[in-house]
1. Restrict the search to the range 19-123; then list the trypsin sites (Lys or Arg not before Pro) that DSSP places in a loop and that have at most 10 other Cβ atoms within 10 Å of their Cβ.
2. Going by the alpha-carbon gyration tensor, a ≥ b ≥ c the square roots of its eigenvalues, is the range 94-198 rounded (a/c under 1.5) or, if a/c is not under 1.5, prolate (a/b greater than b/c) versus oblate?
3. Compute the accessible area per residue over the range 14-170, keeping the other protein chains in place, probe 1.4 Å, unit Å².
4. To the nearest 20 debye, what is the magnitude of the charge dipole of the range 52-121 about its Cα centre, counting +1 on the Cβ of each Lys and Arg and -1 on the Cβ of each Asp and Glu?
5. Which order, highest average first, do 73-84, 156-167 follow once you tally other Cβ atoms within 10 Å for each residue and take the mean per peptide?
6. Does the range 62-147 come out rounded, prolate or oblate, given a ≥ b ≥ c as the square roots of the eigenvalues of its C-alpha gyration tensor, rounded meaning a/c under 1.5 and, failing that, prolate meaning a/b above b/c?
7. By average Cβ neighbour count within 10 Å, what is the ranking of 140-151, 175-186 from highest down?
8. Counting only protein heavy atoms and a 1.4 Å probe, tell me what percentage of the chain's accessible area is made up of carbon and sulfur.
Amino acid sequence: MASIGALVTDGHSVYALTSRHVAGPKGQPIMSLVGGRKTQIGVSCERQLTRRPFSEVYPEFSSRRTFLTIDAGLIEISNLNDWTSQVYGLPAVGELADLSERNIGIRLINAEVAAYGAASGELRGRIAALFFRHRSIGGYDDVTDFLIALASGQSNSQPGDSGTVWHLRQKLPNEPLRPIALQWGGQGFLSTDGGTTHNFALAAGLSNVLRLLEVELVAEHNTGSQPFWG
């Protein structure tokens with residue numbers, strides 16, 4: 001089980017965005033429960049991302065032995081009329097939080113974020129770290145754009161939340177959420193008392209995902225006015 005975070009388009013086709021490790025190889029049937037019945041909603045696309053050299057994604061940040069984990073994949077949708085671009089369980093979503101090495105920085109630390117995962121339901125948290133190293137092997141490091149800590153009292157994020165898009169909460173209460181990151185995994189940390197494990201979400205920057213897959217977010221599909229390309 002996994003989550004679908006958003007609808008995206010290359011100008012010709014519309015795809016569902018999720019994690020690569022759940023989409024599977026090209027042509028893999030993707031199923032969901034629709035009206036209580038197992039139904040095919042599409043097939044996995046060949047356009048996928050695993051990891052890239054860190055300096056390739058962030059050219060102005062020099063690092064020769066570090067890779068950035070992205071883990072994103074697309075699903076070719078069978079019937080677009082069955083979908084909406086509105087994220088289930090969340091208020092209105094606004095423009096992408098467009099980040100690059102020119103504007104990403106520590107001001108994002110402790111920024112509030114929200115999501116809705118297929119396994120955990122509504123998720124609330126804060127950005128705990130940028131460029132978090134989640135693995136080191138053979139002299140090479142694997143990092144991810146965001147480490148997200150779940151809010152106090154919130155249940156831990158579960159494996160079925162892979163593919164969820166996290167949204168940045170704005171300072172003003174009526175401002176729409178802004179998509180910022182695609183969750184692909186988690187990291188467990190043992191508490192100081194040694195008895196509790198806290199799961200943090202690992203997420204790739206959505207700006208990088210969209211740029212490298214050469215797609216854009218679909219807005220306002222089946223929510224009101226219809227989008228067009230160009």
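The values are calculated or read from the model by the stated rules, or taken from the named source; none is laboratory data. For clarity, every value in this text was computed on a predicted model and none was experimentally measured. Neighbour counts are summed over all protein chains in view; Cβ atoms, including those assigned to glycine, are modelled from backbone coordinates with ideal geometry. Just so you know, the surface numbers come from the protein's heavy atoms only, side chains and all, with ligands and any DNA or RNA stripped out. Shrake-Rupley method; radii C 1.70, N 1.55, O 1.52, S 1.80 Å.
1. Details: sites: R20, K26, R37, K38, R47, R51, R64, R65, R102, R107; in loops: K26, R64, R65, R102.
Hits after loop and neighbour filter: R64, R102.
2. Here the range 94-198 falls in the oblate category.
3. Details: 8170 Å² over 157 residues.
Per-residue value: 52 Å².
4. Around 340 debye, computed over the range 52-121.
5. 156-167, 73-84
6. Numbers: a/c = 2.07, a/b = 1.56, b/c = 1.32.
Verdict is prolate for the range 62-147.
7. Working: 140-151: 20.6, 175-186: 22.5.
The densest-packed peptide leads the list: 175-186, 140-151.
8. It is 49 percent, rounded to a whole number.
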